[in-house]
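The values are calculated or read from the model by the stated rules, or taken from the named source; none is laboratory data. As the structure is a prediction and not an experimental result, all values here were calculated from the model. Note: ideal-geometry Cβ built from the backbone for every residue, glycine included; neighbour counts use all protein chains shown. Side chains are part of the model used for accessible areas, which takes the heavy atoms of the whole protein and leaves out ligands, DNA and RNA. Shrake-Rupley method; radii C 1.70, N 1.55, O 1.52, S 1.80 Å.
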Amino acid sequence: MNFFDLATIPSTPWKNGGGSTQELACWPPGADMNSFEWRVSLATVDRPGPFSVFPGIDRQIMLLGGDGLHLRSPGWEQSLDQRWQPFAFSGDDAVDGAMLGGTSKDFNLMLRRGVWSGSLQVLREAPPPPATAGLCMVLQGRWQGPRVLQAGQGFWWTGGQGRGVEPVLDDGPEPVLAWIALEDVGGGNPSLGGGVRG
């Protein structure tokens, strides 16, 4: 199990200068952008522009904060103007992102098609038992897992080594959790150990 805290994860600026990325998890460990099987990251978008094309990758994106984006691709359009509302699209698509105001912060899940399947969900109750692999991050309030997690903290796991989390019901904000459950469907190797990232 690999814990992370957004406060300690460095940001990597984009080559085009339009934003930056914080990588929460990437499988297998050490994989680059051409060889990963699944990847979870946060993007801070400062300027409009095209998304990178990822052939063979299924993508899910969710607004975390800021004014949001309007995504446009041949055949579809989608406004990310409400936080915590996941949207799925193909990494094969050419997508252009227009700003709906100022800076936007987004949560991103990328899965190699035919190797891993799964979804990004926003939960306010205890999630189901952990899947083969996955990740959770506290969006609001506090959650009790192997340790108490605050907003911006979470963990990821492989090889079925995840442990459940429960919302902490106190006088603080309503507990809200980003939850990703992944299953190996075609050749990934979830039994390998992974190092902590960030």
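What to note about this one:
- P(r) tail fraction, the chain - alpha-carbon pairs more than 28 Å apart, %: 23 percent
- At the residue level, Cys26 shows approximately 0 square angstrom of accessible surface with a 1.4 angstrom probe and all protein chains present.
- When only the Cβ of Lys, Arg, Asp and Glu is charged (+1, +1, -1, -1), the dipole of the range 71-125 relative to its Cα centre reaches about 200 debye.
- Inter-site label distance for Phe89 and Met33 at 7 Å from Cα along Cβ, in nm: 1.7 nm
- Student exercise, the chain dipole from Lys, Arg, Asp, Glu Cβ charges, in Debye to nearest 20: 320 debye
- Taking the chain and dividing mean pair separation by its residue count, relative contact order in percent (alpha carbons under 8 Å, at least six apart): 24 percent
- D (Stokes-Einstein, µm²/s), Kirkwood Cα radius, the range 102-186, 1.306 mPa s at 10 °C: 118 µm²/s
- Considering only Ser79, Gly30, Ala43, the residue lying farthest towards the positive end of the dipole of the chain is Gly30, judged by Cα position with unit charges set on Cβ.
- Solvent-accessible surface (1.4 Å probe) assigned to Phe155 amounts to roughly 0 Å².
- Long-range tail of P(r) for the range 133-175 (Cα pairs > 13 Å, %): 48 percent
- In this calculation the C-beta distance from Phe3 to Glu174 is compared with R0 = 22 Å, giving a FRET efficiency of 0.45.
- Among Pro74, Pro48, Pro86, the residue with the largest mean-square fluctuation in a Gaussian network model of the chain, with springs joining Cα atoms closer than 10 Å, is Pro74.
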